[in-house]
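I have placed the structure first, in the form of structure tokens, so that the comments after it can refer back to it.
The values are calculated or read from the model by the stated rules, or taken from the named source; none is laboratory data. Please read these numbers as outputs of a predicted model, since none were measured by experiment. Heads up, the Cβs are rebuilt from the backbone with ideal geometry, glycines too, and the neighbour counts pull from every protein chain shown.
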């Protein structure tokens, strides 16, 4: 009997695949049999991810999600070159730690463009005729900050909350086309983004963050496994959901 988590024969595009959660997600999907299309700006770092993938049929697409208007055409080109996609995972994201007194409109525009607008246009591009294969699935990587919030993360929280709301609306709109849309909301995970944030905090603040996770701060694979589930046949009856994978952070 085939495992319901098997992704053999599925082509899945992963943004933010050059590091952190995006890189680990791509690796885990390849281990489950998927052919993975790696997307990020840095071609050299994409090549590093590519070298860690298992199986065959993978590819790298170095392009900047800031160029949001070009995203649908890019997905058409990818599908035309190597076949229809069966899934899209939007892991790429920007975090800006800015207290309100220091907040600039440019901070808001950049975060929302990559975290939200790019995600919406990935969905638009994915649903195009000839791009989406049978049983299509979209997974957005949000954050618990879109649920509980935190000081100095108002813009980031707004963008991640928008992804959660967007997931529900898109799930309804795209169900008629056989496309499921879901979201994963992790808490703090040991990534480069988290390491960068730690440089702005005191040891006491870092200890408080760690204490807030009853099961400890997460690892990239903890999120990758959740994404893989939502892409797999095991989740064929799941859409419009936000899967919170946070080590208990939101229980407090």
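Within the stretch 20-56, being in a loop (DSSP other than H, G, I, E, B) and at positive phi holds for 33, 55. From the set of residues in the stretch 78-96 that are under 15 Å from the mean Cα position of the chain (by Cα) and farther than 22 Å from residue 7 by Cβ, which is surrounded by the most Cβ atoms within 10 Å (Cβ to Cβ)? Among those that are under 15 Å from the mean Cα position of the chain (by Cα) and farther than 22 Å from residue 7 by Cβ, it is 93. Is it the case that the stretch 97-104 has a residue that's over 16 Å from residue 236 (Cα atoms), touching a residue at least 24 places away in the same chain (Cβ under 8 Å), touching a helix residue (DSSP H, G or I) at 6+ places or on another chain (Cβ under 7 Å) and loosely packed, with under 14 Cβ neighbours inside 10 Å? The answer is yes, given that some residue of the stretch 97-104 is over 16 Å from residue 236 (Cα atoms), touching a residue at least 24 places away in the same chain (Cβ under 8 Å), touching a helix residue (DSSP H, G or I) at 6+ places or on another chain (Cβ under 7 Å) and loosely packed, with under 14 Cβ neighbours inside 10 Å. Filtered by the rule that a residue be over 15 Å from residue 88 (Cα atoms), out of contact with any strand residue (DSSP E or B) (no Cβ under 9 Å at 6 or more places or on another chain) and touching a residue at least 40 places away in the same chain (Cβ under 8 Å), the stretch 27-70 gives 32, 66, 68, 69.
Scanning the stretch 94-125 for residues that are within 25 Å of residue 221 (Cα to Cα) and modelled with pLDDT under 95 turns up 94, 95, 96, 97. Where helices (runs of 4 or more DSSP H) fall entirely within the stretch 162-252, those with at least 1 residues that are modelled with pLDDT of 95 or more are at 203-211, 220-231.
Can we say residue 75 is more than 15 Å from the chain's Cα centre (by Cα) and farther than 28 Å from residue 129 by Cα? When the stated conditions are applied, residue 75 does not pass them.
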